[in-house]
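What follows is a single structure, written as structure tokens, with notes after it.
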Amino acid sequence: MYFKDLKKKDVVVEYQLLRDGPTQSGTAFPNFYVWVTVKENGTLLEDGAVRVAAMEKKRFGVYDYFSARRYRRDMDKILSNLSPACGNQIKEKIGK
């Protein structure tokens, strides 16, 4: 729903986990880091990394989304908002 609402289009979202498991500190919800591709009718609209939280084992909430285009402009700043352990995978995805 997040990307359909964001794009205001009927899009297909494909994803790949950037880490094998969740990251969690203290009592916060477990966070997952995911690379997404957003397509419309088979055409890539955009791709990027997203941080989602598993909330009460019932749903996921999107907390951060950074497009690959934005990473290319300001990678260091953006990586500071996501798990440092995902940095190498993100760099591979955007060709840096």
Along the charge dipole of the chain, Cβ charges K/R +1 and D/E -1, which of F29, T43, A54 sits furthest on the positive end? T43
With a cut-off of 8 Å between alpha carbons and a minimum separation of six or more residues, what is the relative contact order of region 4-48 in percent? 35 percent
Number of Lys pairs in the chain with C-alpha atoms less than 23 angstrom apart, excluding same-chain neighbours closer than eight positions? 14
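Just need the relative contact order of the chain here, percent rounded to a whole number, with Cα pairs under 8 Å and 6+ apart.
Numbers: 143 pairs, mean separation 19.6, N = 96.
Taking the mean separation of contacting Cα pairs over the length of the chain, I get 20 percent.
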Check which residues have an amide H placed less than 5 Å from R19's amide H, if you skip close sequence neighbours. Y33
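How much length, in nm to one decimal, is gained on full extension between R72 and M1, taken as 0.36 nm per residue of separation minus their Cα-Cα distance? If you can, show how the numbers build up before the last one.
Working: separation 71, 0.36 × 71 = 25.56 nm, distance 2.58 nm.
So the extension gain works out to 23.0 nm.
Since every read-out is calculated from the coordinates, none of them should be taken as a lab result. Since the model is a prediction, treat every value here as computed from it, not as a measurement. Cβ: placed from backbone, ideal geometry, glycine included. Neighbour counts: every protein chain shown.
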